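Novice: Have a look at the structure that comes next, please.
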Amino acid sequence: MRRQFPLFLCFIAGVFMAVQYFIPHPSVQVWYERILDWLQTLLAFAFLIGTVSLVRLHYHKIRHKASDRGYSFVLFAGLALMLAFGFTNRSPGSRFDHMFQYVQVPIEGTMFSLLAFYIASAAFRAFRARTVEATLLLAAASVVMLGRVPIGDLIHRSIPWAANWILNVPNMASKRGIMIGVGLGMMATALKIMLGIERAWMGGTD
Amino acid sequence: MQVTLIWATLAAILTLAVYSFLYKDNPFYKFAEHLVVGVSAAYYLVIYYYNFIDPNVISPIFKLEFGGAPIRILGMQWWMALIPGLLGLLLYARFFPKIGWVSRWALGIYVGGYSGLEIAPVMQARVLDQIRGGSLPLVVPHDPSTSFTNILLVVGLLGTLTYFFFSLKHKGVLGVLARIGIVYIMVGFGASFGYTVMSRISLLIGRVDFLRQVADSWIQWLAT
Amino acid sequence: MRTHSPLVGLALILALCAPVFGAEGETAPPAPGENAPPDPVTLLSARDYLDNNDNGDKIEVTWCLSADDGGGAGDVLEYRIRRSSGPGVAGEVVGTVPAGTTSFLDEGVEPGEAYYYDVAAFDGGSESAPAETGPVTGRRNFFQTSRLPVLVLAALFFAMVLTFTRLAQRGANLFVRRIPGLTAVEEAVGRATEMGRPVLYVPGIGEIDDIQTIASLTILSHVAKITAEYETPLIVPTARSVVMSAAEEVVKEAYAEAGHPDNYSPDNIRYLSDAQFAFAGAVSGIMLRERPAANLYLGAFWAESLLFAETGFETKAIQVAGTANVSQLPFFVTACDYTLIGEELYAASAYLSKEPKLLGSLKGSDWMKVVSIGIMVLGIVLSLFGVTGFAGWFFTQ
Amino acid sequence: MGLLEKFLQIDRRWIFLAIAIAVVVPFFLPMGLPVVVTKPVRDLYNAVDAIPPNSEPLFISVDYAPSTIPELDPMTLAVLRHAFSKDIRVVALTLDPAGYGLAERALESVAREYGKERNKDYVYLGFQPGIAAVVLGMGTDIKGVFPEDAYGTPLSEIPMMDGIRNYDQIPLLITMASSGVIEAWVIYAHQPYGARIGAGVTAVMATDYYPFLDTGQLVGLLGGMRGAAEYEELIKHPDAGVRGMDSQSVIHVLIIVLIVLGNIAYFGSKKRSQEAKEPAA
């Protein structure tokens, strides 16, 4: 029951979800959609586990009087406020909506935009023509960079053309090759999970 | 003073707090970091509850009107809602070490289901369609440039696939092909990198534009 | 069973229509008379439509153009499709399609009923003699034949994976070339140990059902055994609850197996946030405040990849990355010390776990690549000889 | 340490400062550089342009979250402007819960510009959870998935939706996607139902989906702010996309200059260290 039964359930669920792709009959498709809903619901339940772990970690910080425990209070305040707002009123213009629009979105969006700085520093630091491969990488990157902006057109008409050519020919060929390999790997791993060969999700590989 | 301007000002301050990280780690950044972790955890709890747990479990069982977004219930009997409900509760068994292993039942269905779901569409979109896309005519009559492009595409695909061939040492013909493959891969990575710069700067422009809007609103408010 | 699959049907139509077109140029076009009805359509056929959610309420009618459509008098305006319940019975018009069209999908049939179809060309004044076909029945399908190629190739692939797995289990010596990135992982962990600083292992932000996450957990198990041995702290931040649970299990078990269950600290396997950049920001915080000496990013990553890699570079950590998300590979390749590219991530999980069983799938994938190349080359060669039907046959969608 | 080595070891915060200046300055000093239109953008434009006015509607799925507004909002606005200026009907929906407000705002603001009426010229279906289920469900019966519009009006009471049953009555569906949702449209709408799918994606995603253009799985593709700028150019209505291209030009050139300088310094310092080593060897 501890190891075999979950593997059995995993197998049954996997086979059904794989086979339904080939069976358009409504009796199967109705169950397919129902099970898909259930899987998503399961995910929603699982979400609480993570939150409990988060709360536990910061509770420990506060209890052990860690030097930066002040921020743990900030975290709890954000969590508690947002929960209180969310379970009372979620309509547009509510406090929940405002917290989302004016706290979560700007912080996340700004963290995302830090990449504009990092991409420049990474290019400066790493794009050195040390080897043939590195040279190709930096040359392709430079041409595409120039070709994507209007100033590239002004420098020479062939630059956007070259940028598009790199994107459409060598880039496409290599992406396609990687995609096939990755796809096969995904399928093989999916098969191994269904058959219980790959069971890291249960903990350990015993 | 408008309520939205207060909120927008808060957002602007938080934006600057995150940018201060570029100089170095500091209390403003730590504040924003911990705040967003807490707020987003609550946000997802609320959203998941109202989008999935409520319509799929709570409402059908207790015969309530759906509180969140309506979901299509396909001829579902109320007792069927017990299945995801019980499976979901099984996940929580892990909080009790003695029966923790029960949570694997739910996990097994989840992991197995999604693994199975993935197989056929992946075969279709990532393998079959790409092979089809790679099956190009090498000689296109009266069109040498397309012929040349097609040859380059086919050679690149063969090379890349060879690079990811693990069963034989990369020597001889395989070595040459794998070498061609890595050349294509690197050019492709360079292209992606260069292409992405624009996307990242767009985000920065978006944030700067937001700060400008808030500043404008303040100037307007002060002027009136 | 149906009489023929759409693939065969398509091939038949292609093969049979060709002579009709070919003959067109040789016959002298009839004088365009106002009242002469257009030539009838040829090779009319109707069959049950195949579709993902086909309820048996659709029938597809196909034909070859009337000789007066495009050629001949060139005066065909439209085709009229009629449906009836018996042969020769005048049916109701269920649809009209413009000239140049060779198929019509009737979506309003009762499943299980037998129907006959008439198609007539119409030139604005008169109709051609109708062509009739039938009976045809809409069926609720139990197998979608258009997806046969997917099934065949998947079955072939799985057979290869399982055969190689069986071979490996029997102790056959399956050669797999060394993947250079693997040593990099071990070196990075070793360096952190020497410096007495923690190892940071980010298993991506994918869900547990993402295959990359699964592959990453296998590698995590291996890494955890090393850190358990050397009493190096191992910090695993996660962005998904289920992944956190699985990572806890994996690490706990690895510590037990290495004989150091006491070194396991549950506070080091952390769930941070489901929100992508909240997670990224918190991981950056860990790098700056807890100063890990080795950062391993293995799994499914999106835009946060470069945030990690650049912050990690600032803290002078050794960084090894691996992902199958193609769009993020360029950033890992430029900013990290070593990167497992795409499939190498899966290969690494098979290689590292030292499980002969896992090698089977790697070998299976390899030989499936050979098959893929074979199909591709066959398609190319056939196209050189002017045979384009192959691609159409094999990749029918 | 020589000047070259010093430059190689430069504190990256100087680079950050340079980027910050480069992005802010063009805000005050616009340059108005011209934009050349590429084929995937033109293909999408032509596909929209070919839709007959006041008949079967163009579907737009606003599948992005707020974090990608700067890239994807200009595209959504440009495509909506194109459609409304040619009296093409529009049906908008979203598969991303965070896209609900974004879709509504874009639709309402452009509709107001062109004097279009809700439920006569356009319909907003709102959000439905479950990506694959929604996309597949629309292949059989749109009204089954979206029984009513976002404001509670049953679709059966909206004349514009008469006869719109599934993908067969949708001349084109454009997804503005900041995630893998685009693949769901291709795999679950194009593959089984033959739906015509066009897409607008972030610049970083665009290269991944070039193969889909080639295989016909996508009709056309807008990539990032540049894609939006090109579309704005085609509909002769320059807006945020074209404006942003100035800052983009400056920063792109700045990064290339940094790369070139970095390499000059690298090879210069390497040469010198080799020269320095030689006598000792």
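Novice: Out of the trypsin sites (Lys or Arg not before Pro) in the stretch D:91-160, which ones are loop residues according to DSSP with at most 14 other C-beta atoms within 10 Å?
Specialist: Here the trypsin sites (Lys or Arg not before Pro) that fit, given the DSSP loop and packing criteria, are D:120.
Novice: Please compute the Kirkwood hydrodynamic radius over the stretch C:42-137, one decimal place, Å, based on all pairs of different Cα atoms.
Specialist: That comes to 13.5 Å for the stretch C:42-137.
Novice: Which of rounded, prolate or oblate describes the stretch A:134-183 when judged by the alpha-carbon gyration tensor and an a/c cut-off of 1.5?
Specialist: Cα axes put the stretch A:134-183 in the prolate bin.
Novice: Nearest 500 deg cm²/dmol is fine: what mean residue ellipticity at 222 nm does chain A get from its DSSP H runs of n ≥ 4 alone, each adding -39,500 (n - 2.57), divided by its residue count?
Specialist: Result for chain A: -25000 deg cm²/dmol, rounded to the nearest 500.
Novice: How much net charge surrounds residue B:22 when only other residues with a Cβ under 15 Å from its Cβ are counted (Lys, Arg +1; Asp, Glu -1)?
Specialist: +1
Novice: Once fully extended, how much extra length lies between residue B:138 and residue B:89, figured as 0.36 nm per residue of separation less the alpha-carbon to alpha-carbon distance?
Specialist: 11.8 nm
Novice: Now for a different question. In whole Hz and in residue order, list the ³J(HN,Hα) couplings for the stretch D:26-36 that follow from phi through the Karplus curve 6.51 cos²θ - 1.76 cosθ + 1.60, θ = phi - 60°; x for Gly and Pro.
Specialist: x, 4, 9, 10, x, 9, x, 6, x, 10, 9
Novice: So what is the accessible area of chain D per residue, in Å², with the probe set to 1.4 Å?
Specialist: 37
Novice: What fraction of the DSSP beta bridges in the stretch D:39-237 is antiparallel, stated in percent and rounded to the nearest 5?
Specialist: Rounded to the nearest five, the antiparallel share is 5 percent.
Novice: Hey, any idea what Rg/Rh is for chain B, computing Rh the Kirkwood way over Cα pairs?
Specialist: Expressed as Rg/Rh, it is 1.12.
Novice: Calculate, axis by axis, the spread of Cα positions in chain A along the three principal axes, and write the results as whole Å, longest axis first.
Specialist: 65, 52, 41
Novice: Checking the a/c ratio against 1.5 first, then a/b against b/c, what shape does the Cα gyration tensor give for the protein assembly as shown?
Specialist: rounded
Novice: Relative contact order, percent, of the stretch C:252-340 when contacts are C-alpha pairs under 8 Å separated by at least 6 residues?
Specialist: Result for the stretch C:252-340 is 22 percent.
Novice: Lysines near residue A:61 by alpha-carbon distance under 21 Å, same-chain residues fewer than 8 away left out - which ones?
Specialist: Correct list for residue A:61: B:30.
Novice: What is the mean projected area of the alpha carbon convex hull for chain D, to one decimal in square nanometres?
Specialist: Here the figure is 18.9 nm², rounded to one decimal.
Novice: Rounded, prolate or oblate: which fits the stretch C:180-354, taking a ≥ b ≥ c as square roots of the Cα gyration tensor eigenvalues, rounded meaning a/c under 1.5, else prolate when a/b beats b/c?
Specialist: The shape class here is rounded.
Novice: While we're looking at this one, here's another question. Counting only other residues whose beta carbon sits under 13 Å from that of residue D:235, what net charge do I get with K and R as +1, D and E as -1?
Specialist: Spelling it out: positives minus negatives among the neighbours equals -2.
Novice: At what distance in nm do the modelled label points of residue C:173 and residue A:97 sit from each other, each positioned 7 Å from its Cα along Cα→Cβ?
Specialist: In this crude label model, residue C:173 to residue A:97 measures out at 7.0 nm.
Novice: When only DSSP loop residues count, what GluC sites (Glu not before Pro) in the stretch D:97-200 have their Cβ near at most 12 other Cβ atoms within 10 Å?
Specialist: D:117
Novice: Cross-link list B:171/D:270; C:58/D:86; B:24/C:225; A:192/C:369; B:171/C:369: which exceed 23 angstrom alpha carbon to alpha carbon?
Specialist: Cα-Cα > 23 Å for B:171/D:270; C:58/D:86; B:24/C:225; rest within.
Novice: Turning to a different aspect of this structure: Can you tally the net charge around residue D:210? Count Lys and Arg as +1, Asp and Glu as -1, for every other residue whose Cβ sits under 12 Å from the Cβ of residue D:210.
Specialist: Neighbour charge sum, excluding residue D:210 itself: +1.
Novice: Would you mind calculating the relative contact order of chain B from Cα pairs under 8 angstrom and at least 6 residues apart, reporting the percent as a whole number?
Specialist: 14 percent.
Novice: What aspartates and glutamates sit close enough to residue C:316 to cross-link, taking a C-alpha to C-alpha distance under 18 Å and skipping anything fewer than 8 places away on the same chain?
Specialist: Qualifying aspartates and glutamates at Cα under 18 Å: B:25, C:186, C:187, C:194, C:290, C:337, D:11.
Novice: To the nearest µm²/s, what D does Stokes-Einstein give for the stretch B:140-179 at 37 °C and 0.692 mPa s, using the Kirkwood radius over alpha carbon pairs as Rh?
Specialist: In µm²/s, the coefficient is 296.
Novice: Can you list residues whose amide H is under 5 Å from residue A:198's amide H, if they're 5+ apart or on another chain and H is modeled 1.01 Å from N?
Specialist: Amide H neighbours of residue A:198, under 5 Å, 5+ apart: A:193.
Novice: Same structure again: Between residue D:7 and residue C:371, what FRET efficiency comes out of the Förster formula 1/(1 + (r/R0)^6) with R0 = 45 Å and r the beta carbon distance, rounded to 0.05?
Specialist: For residue C:371 and residue D:7, the calculated efficiency is 0.30.
Novice: So what is Rg over Rh here for the stretch B:136-224, counting just Cα atoms and using Kirkwood for Rh?
Specialist: Here Rg/Rh amounts to 1.42.
Novice: On to the next question. For residue C:267 paired with residue A:56, estimate the spin-label separation in nm (one decimal), with each label point 7 Å from Cα along the Cα-to-Cβ line.
Specialist: Distance between label points: 1.3 nm.
Novice: Measure off, as a whole percent, the carbon and sulfur share of the 1.4 Å-probe accessible area of the stretch A:49-206, all protein chains present.
Specialist: The value for the stretch A:49-206 is 64 percent carbon and sulfur by accessible area.
Novice: Need the list of aspartates and glutamates near residue C:363 for cross-linking: C-alpha distance under 18 angstrom, and skip anything on the same chain fewer than eight residues off.
Specialist: Answer for residue C:363, where 18 Å is the Cα cut-off: A:198, C:343, C:344, C:355, listed by chain and number.
Novice: Once the Cα atoms of helix D:99-113 and of chain D are each reduced to a long axis, what angle between those two axes, in degrees from 0 to 90 to the nearest 10, is obtained?
Specialist: The answer is roughly 80 degrees.
Novice: OK, next. When the Karplus curve 6.51 cos²θ - 1.76 cosθ + 1.60 is applied with θ = phi - 60°, which whole-Hz ³J(HN,Hα) does each residue of the stretch C:299-311 get, with x for Gly and Pro?
Specialist: My calculation for the stretch C:299-311 gives x, 8, 10, 10, 4, 6, 3, 6, 4, 5, 4, 6, 5 Hz in order.
Novice: Let me ask another. So what is Rg over Rh here for the stretch C:139-229, counting just Cα atoms and using Kirkwood for Rh?
Specialist: 1.17
Novice: Taking only C-alpha pairs under 8 Å that are 6+ residues apart, what is the relative contact order of the stretch D:122-281 in percent?
Specialist: Value for the stretch D:122-281: 13 percent.
The values are calculated or read from the model by the stated rules, or taken from the named source; none is laboratory data. Computed from a prediction, not measured in an experiment: that's the story for all the values here. Here the Cβ is made from the backbone with ideal geometry for all residues, glycine too, and neighbour counts use every protein chain on show. Heads up: the accessible areas ignore ligands, DNA and RNA and are worked out on the full protein's heavy atoms, side chains in. Shrake-Rupley method; radii C 1.70, N 1.55, O 1.52, S 1.80 Å.
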